Structure formats: C-alpha cells, structure tokens
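Below is one structure, written out as structure tokens, with a few remarks after it.
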C-alpha cells in the first residue's frame with residue numbers, strides 16, 4: 001500500500017472532510033461578522049407589508065420631512081420616505097396595532113431658519129463695515145495727501161550739544177546768537193533787532209551741517225522739526241505747496257521752535273530753468289516756501305534752518321534779505337579741528353597709548369567730520385575682527401588705507417609685472433623727493449588694492465596750502481612732475497617701446513590739472529584770462545544754447561598747445577631727475593620688492609636724501 005501525497009489526494013473522504021471544514025470555517029466567519037452588516041433600505045410597499053405581518057415594533061412619522069422612522073422587532077431601525085398623503089400608513093398601522101407617533105419639527109426648522117438668516121445678516125453687516133472702513137482710510141489718505149510729515153523731536157530726544165560738535169568753531173559762534181534769541185528774545189526785541197528768519201548752512205558733504213542744526217535745537221531747549229526737501233515734491237501739482245503750508249502751521253503752534261530742511265536745493269533750484277516752463281510741482285512748492293517765509297510775523301519764534309552743498313543752484317529770491325538772509329559756511333576742518341573731532345569720536349572707543357590724535361590729525365588733511373568718524377569706526381571693526389582690546393596704530397593705518405585706496409587684494413607674485421609696478425611707484429616717490437614744492441612722501445607699497453591698483457605711493461599734502469586755499473604755480477607744476485614720475489621711470493628703465501598703460505590714470509589727472517592752469521588760473525603765455533568757469537553745469541532749457549565755449553576756435557588750439565607744452569615740460573623734468581640716478585632706482589626697487597612697503601625714513605635713507613626733500617645728499 002503506497003503512502004505520500006498521491007495517496008492523500010486520491011482519497012474522497014479526505015477531500016470531503018477538508019471541504020466541510022472550510023465551509024464550517026466560512027460559515028463561522030459569516031456568523032461572527034453578521035451583526036456589523038447593514039441591511040438594505042426597504043421600499044414603501046415593503047414597509048406596508050412588514051407592518052401587516054407585524055414585524056414592526058413602532059413607527060415615528062415626521063410629516064415635515066416626508067419620512068417615517070421604523071423600529072423593527074429585531075432591534076434595527078430604518079428611515080423610509082413616504083408620500084404626501086400618508087393616510088394609508090396610518091390605517092395599516094392602526095389595523096396591525098403598531099405604535100405610531102407623529103413628530104412635529106416645524107418649530108425647530110423655524111429656529112434653524114432664523115439662525116441662518118441672522119448669520120447671513122451678520123456677514124452682510126461685517127462686509128459692509130469692512131468696505132466702509134476701507135473707504136474711510138482711502139478718504140483719509142486723500143484728505144491727508146497734502147499734509148506734511150515732519151519728524152518732531154522733543155527735547156529729551158535731542159542729547160546733542162555744541163560740545164559734541166567739533167572742528168567748526170566759526171560756524172558755532174555764528175549760530176550762538178540764534179540760541180540766545182530762542183532762550184532770551186527780550187534782549188533782541190528791546191533793541192529792535194530782528195533775528196534772521198532763515199539760516200542757510202553751506203558746506204561739503206559730511207562737514208556736520210545736520211549735526212550742527214541738532215545741536216542748536218539741543219542748546220536752545222526747543223522742539224525741532226526736521227524734514228528733507230525731497231519729501232515736499234510729489235507727482236501731483238499742489239501737494240508740495242500744501243505740505244509746506246501744513247509744516248509752517250505746525251511750527252507756529254509749537255513756537256519757539258526750529259524747522260530744519262535738509263538738502264533744500266531739491267526744491268530751491270532756480271525757477272524758469274526747465275524747457276516745460278514754470279508750472280511744475282517743484283516750482284509751485286518753492287513759491288509757497290517763499291510766501292510762507294514772508295508771512296512770518298516779526299520775531300515769531302520760528303527759525304528756519306536749511307542745509308545744502310550746492311548754493312550755486314539756489315534761486316535768487318530764496319537768498320534775498322528777509323528769507324535766507326544769513327549764510328554760514330561749514331568748511332572742512334583744519335588740523336586742530338580734526339584733532340577735536342577725533343577726540344569727540346574717541347570718547348566711546350578704547351584707544352591704545354601709542355595712538356596720538358595729533359599725528360592722525362596731521363595725516364588726514366582734507367577729511368571731513370564724517371570721514372574721521374568712519375576712520376575710527378573702520379579701525380574699531382578691524383580691532384574686533386582681530387580680537388584685540390584696544391584700537392592701535394596698526395588698525396588705524398589699515399583703516400586709512402581701506403578708506404583711501406580700497407580693500408586689500410592678494411599680494412603680487414615675484415614676476416616681471418611686480419618689478420614693473422615697483423619701478424613705476426619708485427619713479428613717483430623719487431621724483432617727489434627731488435622736486436621742490438612737492439608733497440612729502442608718506443609710504444610706497446606694492447600691496448595691491450581692489451580695483452586693479454597693483455601698488456601706490458601716498459603723500460602728505462601741504463596742509464598750509466590746503467588751509468589757506470592759495471595754490472602757487474610752482475606747487476601745481478610740481479604735482480604735474482610727480483604725476484608723470486611713473487611714466488618717466490618706465491622710459492628711463494625700459495625704453496620707449498616698453499612703456500605700459502599703467503600711467504593712464506596719471507595722464508588723466510595731468511590733463512585735467514594742466515587745463516585748469518591754462519584756462520582758469522592764467523598760468524600760461526595766454527595771460528591772466530579765465531577762459532572757463534568752474535562748475536558750469538548745464539541747466540536744461542536755460543543754458544542749452546550756451547554749451548559752446550566763449551573763446552574762438554583759434555584760442556582753443558592755443559589752449560591745447562599750452563596744455564601739451566606743460567605736460568611735455570613736466571615729463572622732461574621728471575626724466576632729467578631720474579636718468580642720472582639709475583643705480584639708486586635699482587636699489588630702491590630691489591628693497592621694495594623684498595620688503596613690499598617703504599615708509600618715509602626708510603625710503604630717504606636708501607635714496608641718500610635728507611628730510612629736506614629738495615636737497616639730495618651724495619647723489
């Protein structure tokens with residue numbers, strides 16, 4: 001008798017038993033899951049039959065919904081839709097003695113409908129309120145479009161005093177009487193004196209005009225209105241004039257006070273200078289400003305301060321007596337002023353003992369107050385980056401070079417380019433050391449700066465000339481010679497065919513300076529004649545037809561010849577100074593390539609020169 005899978009498969013009894021087992025398992029699963037199955041919805045006719053067969057336990061009729069809730073005797077419920085005429089189901093239920101109740105939901109529906117209507121009304125009200133508020137805001141903006149928005153500074157927000165403003169002693173003295181008038185106007189009124197209605201602060205950018213105006217308000221202990229002139233000008237004609245009226249109205253309410261308008265040339269430019277005539281918004285604003293300044297009552301306690309760095313473009317009516325009738329020059333500080341400015345900004349910065357503010361005031365001629373503040377700020381940033389406790393000379397030196405020459409770049413590699421740049425810079429420095437009236441050398445370096453500057457020579461300008469404002473012919477010609485020292489060095493060392501375009505910037509400065517010497521200063525054979533005027537910018541429309549020069553064409557040719565003659569003479573003088581000193585140049589170049597930076601003492605020692613640059617020793 002065989003055994004194994006084939007015997008099992010061939011046994012009918014085993015197949016039948018396994019099939020019965022599967023069926024019993026499926027039936028048990030069906031029984032176990034039967035309570036979770038939902039019976040299908042019955043129809044209206046089936047409902048009537050089941051009522052007659054007494055399979056229904058109770059009925060709940062809801063006429064408003066045209067449905068009946070059926071509870072069967074086995075416990076489950078059904079909802080069955082009925083017709084409008086439900087008398088038949090009533091008779092059948094009565095005949096079968098089935099419990100039937102009628103549920104009236106009309107009151108609930110009424111409440112639900114009322115709630116829905118209230119919600120809808122509320123939404124409409126909220127929407128209308130939002131629209132009305134938006135409309136009101138637009139209307140307020142439209143009505144307030146012509147209102148000024150001056151920044152009113154109360155006295156507690158004005159901590160600046162005259163002690164915080166340094167380097168402009170003369171301007172502070174001129175404005176001291178303004179402070180006295182605001183504090184004690186009786187002394188002026190008793191003598192019949194009238195304080196100027198408008199005070200115009202004129203100076204280069206960064207000299208402290210705005211800071212001085214704040215100091216006046218702080219010293220006088222009065223409110224301070226500040227506003228930029230550009231805020232008056234808008235696209236729509238009349239808005240600027242309306243803002244001017246509103247500003248002066250607010251100022252009179254706060255009198256005595258100070259009204260400060262920054263960059264007043266934005267609205268105070270000369271009228272009638274445009275092609276389109278005089279009906280533009282800017283001119284209307286200027287007209288209103290002139291009217292408001294005339295409308296002041298005598299000694300009303302409102303003083304108008306304004307600042308600009310372009311007084312030449314202001315309208316003449318704005319500068320006449322009774323308006324801006326006092327003009328105060330806020331010039332660049334001298335050496336003493338720069339020291340005072342540095343001391344003011346150094347109050348909150350820790351300086352090392354080695355730092356001498358007097359030396360740094362001497363090394364920063366031509367710097368404004370903003371430039372000096374930036375110098376100390378950059379030095380503080382470098383000190384924090386290097387994680388040091390005090391600002392030293394090294395950080396100030398790096399900050400000065402960063403401001404004047406730009407960011408430092410990667411050092412040059414030892415190559416022909418580095419040697420060429422070294423000869424070029426040594427040419428500038430050596431010519432400056434050998435030329436009378438030239439500026440003193442500060443340092444020569446091959447450390448490149450951003451913007452394509454491979455190296456540079458820094459000088460100390462003659463501060464006496466800068467402070468006095470009087471420049472001699474010898475000083476200007478010395479600048480021409482020094483500027484062409486780099487090109488002269490290339491000619492002496494490499495020859496005419498090997499010169500480079502590295503002197504392009506020097507040539508541009510030479511052309512500009514030589515033209516000024518010929519056409520403005522009278523330093524040529526043409527004689528004492530000013531052929532060109534400084535700052536002759538064209539006003540579109542007014543000066544458009546006057547762009548041609550005022551001299552003849554033949555005179556223009558002579559001017560070009562004189563400019564060229566000055567440049568050629570300066571180049572020849574530079575070459576004559578460098579040609580017999582080729583060995584000194586080679587020594588200086590080799591040392592500069594090795595050390596990368598030569599300061600004044602080191603340079604003069606290698607060149608064999610004394611401190612007096614005009615007297616060479618042993619050369």
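The values are calculated or read from the model by the stated rules, or taken from the named source; none is laboratory data. This structure is a prediction, so every number in the text was calculated from the model and none was measured. As a convention, Cβ positions derive from the backbone with ideal geometry for all residues, glycine included, and neighbour counts pool all protein chains shown.
The table for this structure:
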quantity	calculated
Top-ranked residue in region 255-273 [being touching a residue at least 60 places away in the same chain (Cβ under 8 Å) and farther than 16 Å from residue 216 by Cα; ranked as surrounded by the most Cβ atoms within 10 Å (Cβ to Cβ)]	264
Residue check, residue 591 modelled with pLDDT of 90 or more and surrounded by 12 or more Cβ atoms within 10 Å (Cβ to Cβ)	yes
Filter pass, residue 393 being out of contact with any helix residue (DSSP H, G or I) (no Cβ under 7 Å at 6 or more places or on another chain), at pLDDT 85 or above and not assigned by TED's automatic domain parsing to the domain that holds residue 441	yes
Region 175-209: number of residues that are buried (at least 18 other Cβ atoms within 10 Å of the Cβ) and outside any loop (DSSP other than H, G, I, E, B)	11
Residues satisfying the stated conditions in region 47-64, i.e. assigned to a loop (DSSP other than H, G, I, E, B) and exposed (fewer than 14 other Cβ atoms within 10 Å of the Cβ)	53, 54
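Each row is one residue, and each column tells you yes or no for (1) modelled with pLDDT under 70; (2) in a loop (DSSP other than H, G, I, E, B); (3) exposed (fewer than 11 other Cβ atoms within 10 Å of the Cβ).
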| site | (1), (2), (3) |
| --- | --- |
| 510 | no, no, no |
| 517 | no, no, no |
| 522 | no, yes, no |
| 531 | no, yes, no |
| 534 | yes, yes, yes |
| 539 | yes, yes, no |
| 545 | yes, no, yes |
| 548 | yes, yes, yes |
